[in-house]
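Asks: The structure under discussion is supplied below as structure tokens; questions concerning it will follow.
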Amino acid sequence: MQQPPVYLDYNATTPCDPRVLETMLPFFNRHFGNAASRNHAFGWAAEEAVDHARQQVARLIGAEPQEVIFTSGATEAVNLGIKGLFEAYAGKGNHIVTAGTEHKAVLDTLSHLEKQGASVTRLPVNAAGLIDPTELEAAITAETILIAIMYANNETGVIQPMADISRIAREKGVILFTDGTQAVGKIPVNVQQEGIGMMALSAHKLYGPKGIGALYVRRRGPRVKITAQMDGGGHERGMRSGTLNVPAIAGLGKACELAGAEMAVNAERLSAMRDRLETAILAREHATINGSGAHRLPHVTNIAFHGIPGDALLRAISRQIAVSSGSACTSALPEPSHVLTAMGLEEELAHSSLRFALGRFTTDAEIDFAISAVENTIREFNEIVK
């Protein structure tokens, strides 16, 4: 039997794949040059590594390499994309449409822009966590410059109807930004085919290192313009100044290459294990799946445990399994998940919901252990109540 702790919180972060680490290591010592040093071989080697990684990232998401801007992570990419576009298109309008279930990186950025004069419409979602495309279309005005809807939710794994959203954006002449952090590398994403204007992603969600991410910005059909939010040496074609983190960039590139090559196999394996975990828990416990009526990422399930105190449940289970009650970025907050309450869950049930996120290194033995651990924990609670 697998011994604790078992890690089932892959949406919070992923371990760095050994193949990614192997790719990164030479750029800490042997090839330590600055990619902006174009006068000698050390800089050339670093620049070559960055160019190669840019191609790897672009290939995974269906972009051109010059459309990829490296950042410190998805949060910076979100800020650069949304704030940069708001500033660049100030003469065209000030209205942005988003959803109430977005990641806090998006919601807080939009709240900041409201203080700068932005008008923000936050669309509701249904019980499955999906926006209504007709409501999106109705919300667009002559002042709308951006639609900001995440590709797949970090807490429930629910995938938004991107084809419908993209169609509306194109028909209305509005730029589409999507937070692709949880989707990229897990399911096929093609920014050109799907009409995405900007997209944020992060390495540490797909078995790469922490502290590196990217922003895709469309350069054609039509081109998206943003204003840089960081001044300095004009790195990344003037869009993100600062010395490039070459080891991390090389790691992100390798992580994207591996994700593209192994995506289909991993998705099939993880969805089967996820379904087995869900089936076992729902068969024995008074529980329901949050977002079960929607198309979801293959490795994620968010389960509501009825009649169980949320904090106590998480503390008890976390001794044996690493799971989450919401986003890792807001786990210090006492409030219930804004995603689940937006889906119509009462606060008590939202508090009693847990996210299980499987990953590349999850084993069948770990799933067996998780099932047993949940059953034992719930049984102990029931005995106490009796």
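Nothing in this text is a laboratory measurement; each read-out follows from the coordinates by a stated rule. What you see is a predicted model, and the numbers here were worked out from it, not measured in a lab. Virtual Cβ from ideal backbone geometry, glycine too; neighbours counted across all protein chains shown.
Asks: Picking from Asn266, Val158, Leu282, whose Cα lies most toward the positive end of the charge dipole for the chain (charges on Cβ: Lys, Arg +1; Asp, Glu -1)?
Replies: Projecting each Cα onto the dipole axis, the largest value belongs to Asn266.
Asks: Can you tell me what share of the DSSP beta bridges in the chain is antiparallel? A percent to the nearest 5 is fine.
Replies: Details: 20 of 39 bridges.
Restricted to the chain, the bridges split so that about 50 percent are antiparallel.
Asks: For the ranges 245-254, 20-29, what's the packing order if you count other beta-carbon atoms within 10 Å of each residue, average per peptide, and put the highest first? Write out the running numbers ahead of the final one.
Replies: Values: 245-254: 26.0, 20-29: 16.8.
Packing order, densest peptide first, comes out as 245-254, 20-29.
Asks: Using +1 on the beta carbon of Lys and Arg, -1 on that of Asp and Glu, and nothing else charged, what's the dipole of the stretch 1-103 about the Cα centre, debye to 20? Numbers along the way, then the final one.
Replies: Details: 7 positive and 11 negative charges, 26 e Å.
The dipole magnitude comes to about 120 debye.
Asks: Report the number of Lys pairs in the stretch 90-205 whose alpha-carbons are under 30 Å apart, with separation of 8 or more residues or on distinct chains.
Replies: Lysine pairs, 8 or more places apart or on different chains, close enough: 10.
Asks: Taking amide H positions as placed 1.01 Å from N in the peptide plane, with prolines and chain starts having none, which residues 5 or more places from Ile212, or on another chain, fall under 5 Å of its amide H?
Replies: Ala203, His204
Asks: Amide H of Val224 versus every other amide H placed in the peptide plane: which residues, excluding those fewer than 5 positions away on the same chain, fall under 5 Å?
Replies: Those qualifying (amide H under 5 Å, at least 5 residues apart or on another chain) are Arg218, Arg219.
Asks: Between rounded, prolate and oblate, where does the stretch 139-236 land on the alpha carbon gyration tensor, with a ≥ b ≥ c its root eigenvalues, rounded for a/c under 1.5, else prolate if a/b exceeds b/c?
Replies: Numbers: a/c = 1.96, a/b = 1.12, b/c = 1.75.
Note, shape of the stretch 139-236 comes out oblate.
Asks: Still on this model: Considering amide H positions built from the backbone, and no H for Pro or chain starts, which residues 5 or more places from Val6, or on another chain, come under 5 Å of its amide H?
Replies: Ile321, Ala322
Asks: Provide the per-residue ³J(HN,Hα) series for the stretch 161-166, in order, calculated from phi with Karplus coefficients 6.51, -1.76, 1.60 and θ = phi - 60°, each as a whole number of Hz, with x at glycine and proline positions.
Replies: Values per residue, Gly and Pro as x: x, 4, 5, 5, 5, 5 Hz.
Asks: Each label point is 7 Å from the Cα along the Cα-to-Cβ direction; what then is the distance between the points at Glu64 and Glu380, in nm?
Replies: Reported label-point gap for Glu64 and Glu380 is 5.8 nm.
Asks: Along the charge dipole of the stretch 32-157, which of Ala90, Pro65, Gly43 sits closest to the positive end, that is, farthest toward it, with unit charges on the beta carbon of Lys, Arg, Asp and Glu (+1, +1, -1, -1)?
Replies: Checked the options; the winner is Gly43.
Asks: While we're looking at this one, here's another question. Apply the a/c threshold of 1.5 to the C-alpha gyration tensor of the stretch 29-184 and tell me whether it is rounded, prolate or oblate. Don't jump to the answer; show the numbers that get you there.
Replies: Values: a/c = 2.36, a/b = 1.88, b/c = 1.26.
Taking the square roots of the gyration eigenvalues as a ≥ b ≥ c, the stretch 29-184 is prolate.
Asks: Let me ask something else. Exactly which GluC sites (Glu not before Pro) in the stretch 334-386 are in a DSSP loop and have at most 14 other Cβ atoms within 10 Å?
Replies: Working: sites: Glu346, Glu347, Glu348, Glu366, Glu375, Glu380, Glu383; in loops: Glu346.
Answer in residue order: Glu346.
Asks: Taking θ as phi - 60°, what are the ³J(HN,Hα) couplings along the stretch 142-158 by the Karplus curve (6.51, -1.76, 1.60), each to the nearest whole Hz, with x for Gly and Pro?
Replies: 5, 8, 6, 10, 8, 10, 10, 10, 6, 5, 9, 6, 6, 8, 10, x, 5
Asks: Where q = 0.25 Å⁻¹, what log10 of I(q)/I(0) comes from the Debye formula for the stretch 36-123, counting one point per Cα?
Replies: Those come out to -1.18, one per q.
Asks: Sort the stretch 13-72 into rounded, prolate or oblate with this rule: let a ≥ b ≥ c be the square roots of the eigenvalues of the Cα gyration tensor; rounded if a/c is under 1.5, and if a/c is not under 1.5, prolate when a/b is larger than b/c, oblate otherwise. Walk me through the numbers on the way to the answer.
Replies: Numbers: a/c = 2.34, a/b = 1.16, b/c = 2.01.
Note, shape of the stretch 13-72 comes out oblate.
Asks: Fewest first, what order do Glu76, Glu137 take by the number of other Cβ atoms within 10 Å?
Replies: On the way: Glu76 23, Glu137 16.
Ascending Cβ contact count within 10 Å gives the list Glu137, Glu76.
Asks: How far, in degrees from 0 to 90, does helix 74-88 lean away from the longest principal axis of the Cα atoms of the chain, to the nearest 10?
Replies: That works out to roughly 50 degrees.
Asks: What list of ³J(HN,Hα) values in whole Hz, one per residue of the stretch 243-249 in order, does the Karplus curve 6.51 cos²θ - 1.76 cosθ + 1.60 (θ = phi - 60°) give from phi, with Gly and Pro shown as x?
Replies: Computed from phi, the couplings for the stretch 243-249 are 4, 6, 7, 4, x, 5, 4 Hz.
Asks: Specify which residue in the list Leu107, Val339, Tyr207 is farthest towards the positive end of the charge dipole of the chain, using unit charges on the beta carbon of Lys, Arg (+1) and Asp, Glu (-1), about the Cα centre.
Replies: Tyr207
Asks: R0 = 30 Å: FRET efficiency of Ala128 with Ala322, Cβ-based, nearest 0.05? Let's see the in-between values first.
Replies: Numbers: r = 26 Å, r/R0 = 0.88.
Taking R0 as 30 Å, the efficiency between Ala128 and Ala322 is 0.70.
Asks: Next question. Rounded to the nearest 20 debye, what is the charge dipole size of the stretch 18-257 about its Cα centre when +1 sits on each Lys and Arg Cβ and -1 on each Asp and Glu Cβ?
Replies: Details: 24 positive and 23 negative charges, 99 e Å.
Its charge dipole is roughly 480 debye.
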